[in-house]
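The values are calculated or read from the model by the stated rules, or taken from the named source; none is laboratory data. Just so you know, these numbers come straight off a predicted model, no measurement behind them. As a convention, Cβ positions derive from the backbone with ideal geometry for all residues, glycine included, and neighbour counts pool all protein chains shown.
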Amino acid sequence: MPVVPETKPAWANGIDALNSTNLNAYVRDPLRFLMRKPAAKVRQSVTQSFTSGTWTAVLFGVEDFDTDLDGIGGHSTSSSTSRYTARYPGLYLCGGGISWANNTTGRRGVRWAVNGSSVLGTEVLIQSTAGANVNSVVARTTLIYLDIGDYVELYAMQDSGAALGTAVTADNQPAMSVTWDRMVAS
């Protein structure tokens, strides 16, 4: 099970040896982790259809990057593509947005979910923008605590009265980014 390397809380004068073992464990390893802390940016390149009035996880089939200390990452492009799964405990900075196909009826929204349950205080709803050739865009960024094995997803909803797809032209692709930010004191 991966763990976040910890720094030594205090060095006792004359008791702790300043040797390669301690320097590696308490200086090198934490610095390596911070230089390759878990981070991913994923995008949607194929239109996804959303039923009116239903919150649905956004699917992401393209990874711009998905890195961490051991190179395994937290996102898959072949299964559960809506999820980023935490391999390290802590606060994660989660940002995401969705572009909708042109439609002037109803609202558009996003919210974050952990393990399939919505995260309080993360829902954003906007009224659809009136006008031809205007895509509604909804985005939200927040800090979310994840334990090892927890997964975070960006959910979206529209209530136009009919199914509505995402806009996936190059600059409009729905995207999600997740970055480990810091540990939480226990």
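Of everything in the range 169-186, what is of a type in the set (A, V, I, L, M, F, W, C), modelled with pLDDT of 95 or more and out of contact with any Cys (no Cβ under 8 Å at 6 or more places or on another chain)? Give them in sequence order.
Listed by number, the residues that qualify are Ala175, Trp180.
Hey, among the residues in the range 157-177 that are closer than 16 Å to Ser45 by Cβ, hydrophobic (A, V, I, L, M, F, W, C) and surrounded by 14 or more Cβ atoms within 10 Å (Cβ to Cβ), which one's nearest to the chain's Cα centre (by Cα)?
Ranking the qualifying residues of the range 157-177, first place goes to Met176.
Give me the residue from the range 42-75 that is surrounded by 15 or more Cβ atoms within 10 Å (Cβ to Cβ) and modelled with pLDDT under 95 and, out of that set, farthest from Asp29 (Cα to Cα).
Filtering first and then ranking leaves Gly73.
Say whether the condition of being within 19 Å of the chain's Cα centre (by Cα), farther than 22 Å from Phe50 by Cα and surrounded by 14 or more Cβ atoms within 10 Å (Cβ to Cβ) is met by at least one residue in the range 122-143.
There is at least one residue in the range 122-143 that is within 19 Å of the chain's Cα centre (by Cα), farther than 22 Å from Phe50 by Cα and surrounded by 14 or more Cβ atoms within 10 Å (Cβ to Cβ).
Can you name the residue in the range 97-120 that is modelled with pLDDT of 95 or more and in a loop (DSSP other than H, G, I, E, B) and, of all such residues, is surrounded by the fewest Cβ atoms within 10 Å (Cβ to Cβ)?
Leu120
Only one residue in Val184, Val138, Val110 is closer than 19 Å to Thr81 by Cβ and of a type in the set (A, V, I, L, M, F, W, C). Which one?
Just a single option satisfies the conditions, and that option is Val110.
Here is a list: Ser76, Ser52. Which entry is within 23 Å of Val137 (Cα to Cα) and small (Gly, Ala, Ser)?
From the options Ser76, Ser52, the qualifying one is Ser52.
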